[in-house]
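Okay, so here's the structure we're looking at.
Each reported figure results from applying straightforward, stated rules to the coordinates on display, with no laboratory input. Note that the coordinates shown come from a computational prediction; the quantities given were computed from them, not determined experimentally. All Cβ positions, glycine included, derive from the backbone under ideal geometry; neighbour counts span all protein chains shown.
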């Protein structure tokens, strides 16, 4: 187990360096970053000054080394437009994003496990059909459009809910609901099919043959095993979480990281976009590492297969 | 108690069920065919014919006098503008027709690129095993959990907006799903006798991969590709909605929805109709995918 964890951590570090190289050179190979910043009415002197302050006058190798060293110290560089360190910008917007993502994530998990398990237990019932219908709809309709239609109905026509802002709990309903729509349908389907698999297994049949009460068969024996598969793919929820946060923040003018990075993209503020991409890469690798270790801990086969 | 875990005995399908089953094939097929026709024939200028087609107006021609007109079937609408107009007086119907082009072509190109890359890597990973497999699967894990949106932003900053930026953003990560599925299939097929026999007679690795393993995974591949149509259309729409897609003035469904946001209190029709189109075509794609899966490769079914 220790060997497995060490190998995994080393692999993650190598992967991180690989991503750093790709991101760094992608921004530079495609053109001179100065071309993105420079305005036509900038004097030659100003141009050189900016170039030096960003370290762009040095060779690529040197620049890469500085970039890695700074990142290791937690320095993510400075925004070109706002003239603030990227870390400050993240510090300002992160709490707002968390206020949105944490409740959405928790609610999505609770809802998807509850709905998925119930649909599996009462297979082919009215309840199950309802869950399936919701999943089909939820996976076909574009969430941003559903959110806008919700604004149209609940804010514009009925005037029940506010359109934008974040001052009262009512302000959270639509943005959190939007984010839930990104995660719920897929997760719900997965929980359902995983639970169905387990209910069909030999050990559940055995538990029934032993004459255990149905309640304990389902909630004690089946549920525990049915949760493993969905938990191991939690890492794959990150793309929906990020997309959900950016779209939700954009629609409801939420001053979080999504709004911040989208703005930085349009302003071609490359240090900001580059740093957030790297931070996400670290997050992705970290989650994968954790899930792998967790999985190996639960299921010893994995340890030998994949070490 | 509540019939938990009991399975209904298979007694053959009733007439009603059979009709519903065939409808889940016929309706999605019709929707898909209509969308493809719309995308191809919104106008004919692009294949060198005179500039006429299904779209009644130029999607970008502005008419200040016909601003924010409601759809023709609602009071106050003009018969000229079936789905109404936006704040510049552009015809929503024509814009939606042209928008089909972007959605369908982007998803088609991305699916072709990612299927080729994913299949090669998946077979290689499954057949070779060992270090090759470990390496490819590590990269696949990362690609599966990295947000395509951030990559799209990075590419937007690095190489600027455009059609190919969107294609690239979706392709760089999109192959991973194929690779993982195809690897699983190849692992299974690797154990077959015919692969062992091919090895005995000295067939090269590439020959075994493509003459012996590939034909046996084609069905799974087709299933995944069909199921990807909807996902790619949604992904492209989300990028266009955020302003990271094909640049204005080229209409795309996602960007028309975004256009309508500021007019929501006066002109709901701008945002509403393109969204319905996305939903319809994605649903059609998903139903077709499910149908093809049940026919070709029921093992991939998620119960």
Exercise for review: Would you mind giving the three semi-axes, in whole Å and largest first, of the ellipsoid equivalent to chain B according to its Cα gyration tensor?
Suggested key: 42, 26, 18
Check your understanding: Taking the mean number of other Cβ atoms within 10 Å as a proxy for protection, how do you rank A:199-212, A:247-260, B:161-174 from highest to lowest?
Key -> A:247-260, B:161-174, A:199-212
Review point. Which whole-number value in Å³ per residue fits the convex hull of the alpha carbons of region B:42-115?
Key: 103 Å³
Point to revise | region A:96-266 - Rg and Dmax from Cα coordinates, angstrom | key: 18.8, 64
Review point. If one takes the longest principal axis of the Cα atoms in chain A, at what angle in degrees, from 0 to 90 and to the nearest 10, does the Cα axis of helix A:257-266 lie?
Key: 40 degrees
Check your understanding: Among A:133, B:241, A:25, which comes first, second and so on when ranked by fewest other beta-carbon atoms within 10 Å?
Key -> A:133, A:25, B:241
**Study point:** Contour minus Cα-Cα distance for residue A:13 and residue A:133 (0.36 nm per residue)
**Key:** 38.9 nm
Check your understanding: If one computes P(r) from the Cα atoms of region A:57-161, what percent of pairs lie at distances over 21 Å?
Key -> 66 percent
Exercise for review: Just rank A:136, A:246, fewest to most, by other beta-carbon atoms within 10 angstrom.
Suggested key: A:136, A:246
Review point. Residue A:282 label point, 7 Å along Cα→Cβ, cut-off 13 Å on backbone N: hits in region A:56-98?
Key: A:68-77, A:86-88, A:90-91
Study note, to complete from the structure: Whole-Å distance linking the alpha carbon centroid of region B:181-206 with that of region A:47-89 is 50 Å
Point to revise | Size-normalised alpha-carbon gyration radius of chain A, reference 2.2 N^0.38 Å | key: 1.25
**Study point:** Reciprocal mean inverse distance between Cα atoms of region B:53-182 - Kirkwood radius, Å
**Key:** 17.7 Å
Check your understanding: What is the Å³ per residue value for the convex hull set by the Cα atoms of region B:260-303?
Key -> 71 Å³
Study note, to complete from the structure: Taking r as the C-beta separation of residue A:62 and residue A:82 and R0 as 41 Å, the FRET efficiency to the nearest 0.05 is 0.95
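Using Cα pairs under 8 angstrom and six or more residues apart, how large is the relative contact order of chain A, in percent?
Relative contact order of chain A: 27 percent.
Given Cα pairs under 8 Å that are at least 6 residues apart, what percent is the relative contact order of region B:112-200?
47 percent
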Check your understanding: So how far apart, in nm, are the two label points at residue A:44 and residue B:261 if each is 7 Å from Cα heading toward Cβ?
Key -> 4.4 nm
Exercise for review: Compute the acute angle (0 to 90°) between the alpha-carbon long axis of helix A:126-140 and the principal axis of greatest extent of the alpha-carbon atoms of chain A; round to the nearest 10°.
Suggested key: 20 degrees
Check your understanding: Normalised by the residues of chain B, what does the relative contact order come to in percent, with Cα pairs under 8 Å and at least six apart?
Key -> 21 percent
Review point. If you line up the long axis of helix B:92-128 against the longest principal axis of chain B, both from Cα atoms, how many degrees apart are they, to the nearest 10?
Key: 10 degrees
Exercise for review: Using the number of other C-beta atoms within 10 angstrom as an exposure proxy, rank B:187, B:227 with the fewest first.
Suggested key: B:187, B:227
Check your understanding: Is it possible to state the helix-based mean residue ellipticity at 222 nm for the protein assembly as shown, with each DSSP H run of 4+ residues giving -39500 (n - 2.57), the sum divided by total residues, to the nearest 500 deg cm²/dmol? What is it?
Key -> -23000 deg cm²/dmol
Point to revise | Size of the protein assembly as shown as Cα extents on the principal axes (Å, biggest first) | key: 79, 66, 59
